[in-house]
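Enquirer: First the structure, which I've put down as structure tokens, then a few questions once you've had a look.
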Amino acid sequence: MIYLDNAATTKPFKEILKNLSSWGEKYFGNPSSIYSIGQSSKSVIEKSRKFIAKTLNVSSEDIIFTSCATESNNTILKGIADISKTKNEIILSPFEHKSVLNTGKYLSRKGFKIKFVKIDKNGLIDIEDLKRKINSKTVLIGIIHVNNETGVIQDIKSIGKVAKEFDIPFFSDTVQSYIKEEIPTEYIDFLSVSGHKINAPKGIGFLKRNRSIDITPLLHGGGQEYGFRSGTENIIYIKALEKAVYIWIENREIFINKLYKLKRLFINGLKELIPDIKIVSEDVKTAPNIVNVIFPKIKAQDLILYLNSKNIFVSSGSACSSGSLQPSYVLLAYGFTEEETIRAVRFSFGVQNTEEDILTTLEEIKKGYTIVKRFLH
Ligand code: PLP
């Protein structure tokens, strides 16, 4: 099996899978209980929180564990909206993840106005347009750091500086950038992270908050997580997340260099095979692990299914609904035509991939491309 869809999810590190049942045995006490086995669960959580906080240079109380980034994003947007008395405008990019865009849609039904900032053809947001869109009603600016379909990295520091200058809370979805890119946390009030993008299991994430902005929690109940996210903590997965972060931090340089090397090998090989491919946002810096390719004269779906038949897994940014491919809203926002988005395939590499994986994939693309090209004629 060759898995090249690491922006969708990653395979948990072996060291984590190996330990899950022993952590479950050891740390089953409820962290809210005052007796010793409860308190030992509590201390595991606090140790993990402290470790993760350090990776972002923030204090432990700023880190709130959640079940996933979707929950983090919902908490941040709805929480800010809830405390807003008179302001009712939120500025987002048009290429936010669905968990942000659809929360925005929900809030627009509650009377909020969602304004989308302009972007250029490479998918970078227009900072002057952002400034123009800010007014006395702006309650939040939310811009994703690294886009999950294209890998485009936003200049999050400059955006954060604008937010600070206008004294508006700034939120960034850092799901695809955490650890891989520098995150200027001093300019970001709220950010979201998902464990399963960095080789932890699915079902764990966190948010970083700015404690001076007292937003409403999404979940009310027993008051866990400083009263900000009630519900008995998922200790085993919090421990797993800490371990994944630890492995990433320990090997950061090796991992990042490896990912860039695999990506370069792939892009160069692909250009030799099919010279008229288009690499999305090739002129700007993109994440080490993501490349979005627009192939000439095929439907992405056909190539994806061909590769699937060879046990190679890649994806299309386009969502499949009712059996048909919908054009990717991200690529449409970048200015691509519907027809071009239907030809786009996303390859995303992981630290478990090898050069052999890339060479085999290129070999299969060579064979598969010739076959699927015929489907259009
Ligand atoms: N934000 C981005 C950029 C993502 O890529 C994803 C996952 O696809 C999410 C948010 C949602 O993450 P989760 O699966 O943890 O809810």
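Since every read-out is calculated from the coordinates, none of them should be taken as a lab result. Because the structure is predicted, anything quoted here is derived from the model rather than measured. Don't worry about glycine lacking a Cβ; one is built from the backbone with ideal geometry, like all the others, and counts go over all protein chains shown.
Enquirer: Please list log₁₀ I(q)/I(0) at q = 0.16, 0.17 Å⁻¹ for the stretch 201-357, using the Debye equation with identical point scatterers on the alpha-carbon positions.
Expert: Debye curve over Cα of the stretch 201-357, log10 I(q)/I(0) at q = 0.16, 0.17 Å⁻¹: -1.04, -1.08.
Enquirer: When the Kirkwood hydrodynamic radius is evaluated over all pairs of different C-alpha atoms of the stretch 206-293, what value in angstrom, to one decimal, is obtained?
Expert: Answer for the stretch 206-293: a Kirkwood hydrodynamic radius of 17.2 Å.
Enquirer: With r defined as the distance between the Cβ atoms of residue 164 and residue 226 and R0 fixed at 30 Å, what FRET efficiency is calculated, to the nearest 0.05? Don't jump to the answer; show the numbers that get you there.
Expert: Numbers: r = 24 Å, r/R0 = 0.81.
My answer for the efficiency is 0.80.
Enquirer: Let me ask something additional. Volume per residue, Å³, of the convex hull around the alpha-carbon atoms of the stretch 38-102?
Expert: Working: hull volume 8.8 nm³, N = 65.
Convex hull of Cα atoms, per residue: 135 Å³.
Enquirer: Separation between the residue 338 and residue 1 pseudo-spin-labels, each 7 Å from Cα along Cα→Cβ, expressed in nm?
Expert: Label-label distance for residue 338 and residue 1, simple model: 3.6 nm.
Enquirer: Using a Debye calculation, one point per C-alpha and no hydration shell, please list log10 I(q)/I(0) for the chain at q = 0.12, 0.13 Å⁻¹ in order.
Expert: -0.94, -1.08
Enquirer: In bins 5 Å wide, starting from 0, what share of all Cα pairs of the stretch 141-188 does each bin hold, as a percent?
Expert: Over the stretch 141-188, the share of Cα pairs per 5 Å bin runs 5, 25, 34, 21, 10, 4, 0 percent.
Enquirer: Also, quick follow-up: Helix 235-250 versus the longest principal axis of the chain: what is the Cα-based angle in degrees, 0 to 90, to the nearest 10?
Expert: 60 degrees
Enquirer: Which entries of 54/98; 50/263; 261/373; 85/164; 47/258 show an alpha-carbon separation above 27 angstrom in the structure shown? Please report the intermediate quantities before stating the final value.
Expert: Numbers: 54/98 29 Å; 50/263 33 Å; 261/373 29 Å; 85/164 20 Å; 47/258 30 Å.
From the list (54/98; 50/263; 261/373; 85/164; 47/258), the Cα-Cα distance tops 27 Å for 54/98; 50/263; 261/373; 47/258.
Enquirer: Another question, if that's okay. Which net charge results when you count Lys and Arg as +1 and Asp and Glu as -1 among the other residues whose beta-carbon is under 9 Å from that of residue 32?
Expert: Here the charged neighbours net out to 0.
Enquirer: At 222 nm, what helix-only mean residue ellipticity would the chain give, in deg cm²/dmol to the nearest 500, using -39500 (n - 2.57) for each DSSP H run of four or more? Present the calculation step by step, with values, prior to reporting the outcome.
Expert: On the way: 12 runs with 155 residues, N = 377.
For the chain, the value works out to -13000 deg cm²/dmol.
Enquirer: Over all directions, what mean area does the Cα convex hull of the stretch 117-235 project, stated in square nanometres? Numbers along the way, then the final one.
Expert: Numbers: hull surface 34.2 nm².
Over all viewing directions, the stretch 117-235 projects a mean Cα-hull area of 8.5 nm².
Enquirer: If you don't mind, there's one more thing I want to ask. Taking only C-alpha pairs under 8 Å that are 6+ residues apart, what is the relative contact order of the stretch 123-278 in percent? Walk me through the numbers before you get to the answer.
Expert: On the way: 173 pairs, mean separation 22.6, N = 156.
Rounded, it is 15 percent for the stretch 123-278.
Enquirer: How compact and how long is the stretch 185-253, expressed as Rg and Dmax of its alpha-carbon atoms in Å?
Expert: Values for the stretch 185-253 (Cα only, Rg and Dmax): 13.7, 41 Å.
Enquirer: Turning to a different aspect of this structure: When the Kirkwood hydrodynamic radius is evaluated over all pairs of different C-alpha atoms of the stretch 16-128, what value in angstrom, to one decimal, is obtained?
Expert: Working: mean 1/r = 0.0571 Å⁻¹.
One decimal place: 17.5 Å for the Kirkwood radius.
Enquirer: Relative contact order, percent, of the stretch 194-265 when contacts are C-alpha pairs under 8 Å separated by at least 6 residues? Walk me through the intermediate numbers first.
Expert: On the way: 57 pairs, mean separation 19.9, N = 72.
28 percent.
Enquirer: Could you pull out the pairs from 121/197; 11/239; 121/297 whose alpha carbons sit more than 20 Å apart here? Can you show the working numbers first?
Expert: Details: 121/197 27 Å; 11/239 17 Å; 121/297 22 Å.
Over 20 Å apart, Cα to Cα: 121/197; 121/297.
Enquirer: To the nearest Å, what is the center-to-center distance of the stretch 209-285 and the stretch 360-374, using C-alpha atoms only?
Expert: About 31 Å separates the Cα centre of the stretch 209-285 from the one of the stretch 360-374.
Enquirer: Report the local net charge at residue 376: Lys and Arg +1, Asp and Glu -1, summed over other residues whose C-beta lies under 12 Å from its C-beta. Walk me through the numbers on the way to the answer.
Expert: Working: positive: 297, 299, 343, 373, 374; negative: 302, 339.
In short, +3.
Enquirer: Same structure, new question: Given a cut-off of under 8 Å on Cα pairs at least six residues apart, what relative contact order in percent is computed for the chain? Let's see the in-between values first.
Expert: Working: 692 pairs, mean separation 82.2, N = 377.
Relative contact order for the chain comes out at 22 percent.
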